[in-house]
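The values are calculated or read from the model by the stated rules, or taken from the named source; none is laboratory data. Just so it is clear, the structure is predicted and the values come from calculations on it, not from any experiment. Here the Cβ positions follow ideal geometry from the backbone for every residue, glycine too, while neighbour counts run over all protein chains shown. With ligands, DNA and RNA removed, areas are computed over all heavy atoms of the protein, side chains included. Shrake-Rupley method; radii C 1.70, N 1.55, O 1.52, S 1.80 Å.
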Amino acid sequence: MNFVTSQGNNFTTSSNNMVQGTNFIANSTTMIASSNPPLSRYENQKRRDWNTFCQYLENHQPPLSFVQCSGAHVLEFLRYLDQFGKTKVHLQSCPFFGVPTPPSPCSCPLRQAWGSLDALIGRLRASYDENGGKPEMNPFGARNVRQFLREVRDFQTKSRGVSYEKKRKRPTSSTNNKQKATVVADGGDCSTE
């Protein structure tokens, strides 16, 4: 019989596979837990992004709380993140400006991709509301932040020669059904001779 005893966040086992000091029981085949289910990938990313932003605010001079944060602070944060980007964004003076697949390397900077910034702002906007911020005061939805994202998208579109147009929906299944009906009407014989 293994016993598990709690010592801070550490658990020790003895011989009956039962956990003491917690509200779950484990044996060799099943585990019954009263904790919350594991977070989704999106929720984990949202939590990491929120923690990163709060750490940025703590290191800001002077330190800020998220309630004191404005759209200008969000823009500072986004510019700070640019140094960790992995997307080549050609300058207007670069010979590869507007070329989707340049034939050779250049010295243009690596930046955060527009899509990554847009997704990040969406997650932080949701986190702000979940952490007690007033929705009408949410700095991630500020006009200057939205305008900044539009400018980044437009410049990266021109710079990389890659369009960020919305994806169009595939044709509906009625088109596929018409094609199937044509095959059946033609005899539908798939045999080869």
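Candidates are the residues of the stretch 122-148 that are open to solvent by less than 10 Å² (accessible area, probe 1.4 Å) and in contact with a Gly (Cβ under 7 Å, 6 or more places away or on another chain); the one that is nearest to Gly71 (Cα to Cα) is Pro139. When Ile32 is tested against (1) at pLDDT below 90; (2) aliphatic (A, V, I, L, M); (3) surrounded by 11 or more Cβ atoms within 10 Å (Cβ to Cβ), exactly one condition is not met: (3). Would you confirm, using the coordinates I've provided, whether Arg41 is under 30 Å from Pro139 (Cβ atoms), open to solvent by 100 Å² or more (accessible area, probe 1.4 Å) and at pLDDT below 95? Considered against the rule, which asks whether it is under 30 Å from Pro139 (Cβ atoms), open to solvent by 100 Å² or more (accessible area, probe 1.4 Å) and at pLDDT below 95, Arg41 comes out as yes.
Provide a single number: the residues in the stretch 64-121 that are among the aromatic types (Phe, Trp, Tyr) and either open to solvent by 70 Å² or more (accessible area, probe 1.4 Å) or under 12 Å from Val152 (Cβ atoms) (or both). Explain how you work it out, then say what you get.
Pass one, the stretch 64-121, residues among the aromatic types (Phe, Trp, Tyr): 66, 77, 80, 84, 96-97, 114.
Okay, now just the ones that are also either open to solvent by 70 Å² or more (accessible area, probe 1.4 Å) or under 12 Å from Val152 (Cβ atoms) (or both), so 80, 84, 114.
So the count comes out to 3.
Pairs linking a residue in the stretch 122-148 that is closer than 17 Å to Trp50 by Cβ and in contact (Cβ under 8 Å) with a residue 12 or more places away in the chain to a residue that is open to solvent by 100 Å² or more (accessible area, probe 1.4 Å) and part of a helix (DSSP H, G or I), with Cβ atoms under 8 Å and 6 or more positions apart or on different chains, are Arg123/Tyr42; Ser127/Arg47; Asn138/Arg125; Phe140/Arg125; Gly141/Arg125.
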